[in-house]
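Step one of this worksheet: look at the structure below.
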Amino acid sequence: MTRLICCTSAKGGVGKTTIVSNLAAALTDFGENTIAIDANLSTPNLGLHTGMHLAPRTLHDVLRGYYPLKFAIYSHPYGFKIIPASLKLSDIADVDVGRLPEVTFSLLGRANYILLDSAAGLGREALSALSAADEVLLITNPTLPAVTDALKILKIAQNTHIKTIGVVVNRVKNTDYELSKEEIEEILGIPVVSQIPEDPNVERCIQQKKLLFELYPNTPAAIEIKKLAAFLAQRKYEPPKTKENIFSRFFKIFKS
Ligand SMILES: Nc1ncnc2c1ncn2[C@@H]1O[C@H](COP(=O)(O)OP(=O)(O)OP(=O)(O)O)[C@@H](O)[C@H]1O
Ligand SMILES: [Mg+2]
């Protein structure tokens, strides 16, 4: 069975591409065949996040009918497959975004997981990515604007009967001005299934076009993404005991 999961947000820049690229790697670690699709056709970043930005044939070529899909599927060194989109502005012309569901469904049976990295907003691109999926992971930051925008795309997903897996709260800093998990659940009415911390290694990896799991597999954001993959795939995952964990445990004992 293939699970088709759209990672969407309505608000831009909340971490969809970061989560799709690293979740693909984390699912691969659990032995799940995974394909990541850059469904963000106007401002695609998945190729850049994964070092696959120079791919000669892209999803744009497929949607324009220039190539069959099989020519735009690449193997990432980590072990998952990726369908990148073109970075060229000129390639947006003549792209039939409405073909995205048909193209995605043609991959059914070829992977355990297909992850769609959606464009932000509520436009045709984002809606097309939603309708190419059976399930949705709502990505947000713990801020009121991001959660308010998330509510809109959630309502659309619910009206179209796409199963909502839950909310992934990214860039959690645990400050007193952030929305708490409980507040986000109350606003959105669905469970928070993952809280990914603010982690400077995320930006370090993007600058090097590498995955967290390639450079910093035990950094806090990577551990939370691995937990999310374990939750999705219903696997057991024991996070490594980091220096921080030992230190904070010692600190707790010392305080008590
Ligand atoms: N957990 C994190 N810790 C620190 N920085 C993060 C984290 N997640 C994402 N970022 C930073 O946020 C920025 C936006 O991330 P990303 O490109 O994944 O968002 P997006 O939702 O895909 O954006 P867009 O809507 O433009 O497609 C990146 O520069 C990335 O480094
Ligand atoms: Mg993105």
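Checked against the criterion of being away from ligand 2 (no atom under 16 Å from the Cβ) and in contact (Cβ under 8 Å) with a residue 12 or more places away in the chain, the candidates Glu186, Glu238, Glu178, Glu182 yield just one match: Glu178. Taking the residues in region 30-47 that are more than 9 Å from ligand 1 (Cβ to nearest atom) and not in a loop (DSSP other than H, G, I, E, B) as candidates, determine which candidate is farthest from Ile92 (Cα to Cα). Ranking the candidates gives Thr34 first.
Condition check ((1) basic (Lys, Arg); (2) modelled with pLDDT of 95 or more; (3) over 29 Å from Thr28 (Cα atoms)) across all residues:
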residue	(1), (2), (3)
Tyr113	no, yes, no
Ala119	no, yes, no
Ala132	no, yes, no
Val136	no, yes, no
His161	no, no, no
Val167	no, yes, no
Lys181	yes, yes, no
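Residue check: is Arg124 modelled with pLDDT under 95, among the basic types (Lys, Arg) and out of contact with any strand residue (DSSP E or B) (no Cβ under 6 Å at 6 or more places or on another chain)? It would help to see each step written out before you state the result.
Values: modelled with pLDDT under 95: yes; among the basic types (Lys, Arg): yes; out of contact with any strand residue (DSSP E or B) (no Cβ under 6 Å at 6 or more places or on another chain): yes.
So Arg124 passes the test.
Each residue in region 138-159 was checked for being at pLDDT below 95 and of a type in the set (Lys, Arg), and 0 pass.
None of Ala126, Ala146, Ala120, Ala132 is more than 13 Å from ligand 1 (Cβ to nearest atom) and out of contact with any His (no Cβ under 9 Å at 6 or more places or on another chain) except Ala132.
If you go through region 25-61 and keep only what is touching a strand residue (DSSP E or B) at 6+ places or on another chain (Cβ under 8 Å), under 14 Å from Pro84 (Cα atoms) and hydrophobic (A, V, I, L, M, F, W, C), you end up with Ile35, Ala36, Ile37, Ala39, Leu46, Met52, Ala55, Leu59.
What helices (runs of 4 or more DSSP H), lying completely within region 189-241, carry at least 3 residues that are over 17 Å from the mean Cα position of the chain (by Cα) and either near ligand 1 (Cβ under 10 Å from one of its atoms) or more than 18 Å from Lys16 (Cβ to Cβ) (or both)?
On the way: elements: 200-207, 212-215, 220-233.
Passing ranges, in order: 200-207.
With the condition kept exactly as written, say whether any residue in region 141-159 is assigned to a loop (DSSP other than H, G, I, E, B) and crowded, with 22+ Cβ neighbours inside 10 Å. I'd like the intermediate steps shown before the answer.
The first filter runs over region 141-159 and keeps only residues assigned to a loop (DSSP other than H, G, I, E, B), leaving 141-143.
With the extra rule that they be crowded, with 22+ Cβ neighbours inside 10 Å, the set shrinks to 141-142.
Yes - at least one qualifying residue is present in region 141-159.
Across region 1-29, what is the number of residues that are within 16 Å of ligand 1 (Cβ to nearest atom), within 13 Å of Ala229 (Cβ to Cβ) and buried (at least 24 other Cβ atoms within 10 Å of the Cβ)?
As a first pass, look at region 1-29 and keep what is within 16 Å of ligand 1 (Cβ to nearest atom): 5-26.
Okay, now just the ones that are also within 13 Å of Ala229 (Cβ to Cβ), so 5, 7, 19-26.
Keeping just the survivors that are buried (at least 24 other Cβ atoms within 10 Å of the Cβ) gives 7, 19-26.
The number of residues fulfilling the criteria is 9.
Within region 30-54, the set of residues being crowded, with 20+ Cβ neighbours inside 10 Å and either among the aromatic types (Phe, Trp, Tyr) or more than 16 Å from ligand 2 (Cβ to nearest atom) (or both) comprises Thr34, Ile35.
The values are calculated or read from the model by the stated rules, or taken from the named source; none is laboratory data. Just so it is clear, the model here is predicted, and its values are computed rather than measured. Counting neighbours? That spans all protein chains shown, and the Cβs are built from the backbone with ideal geometry, glycine included.
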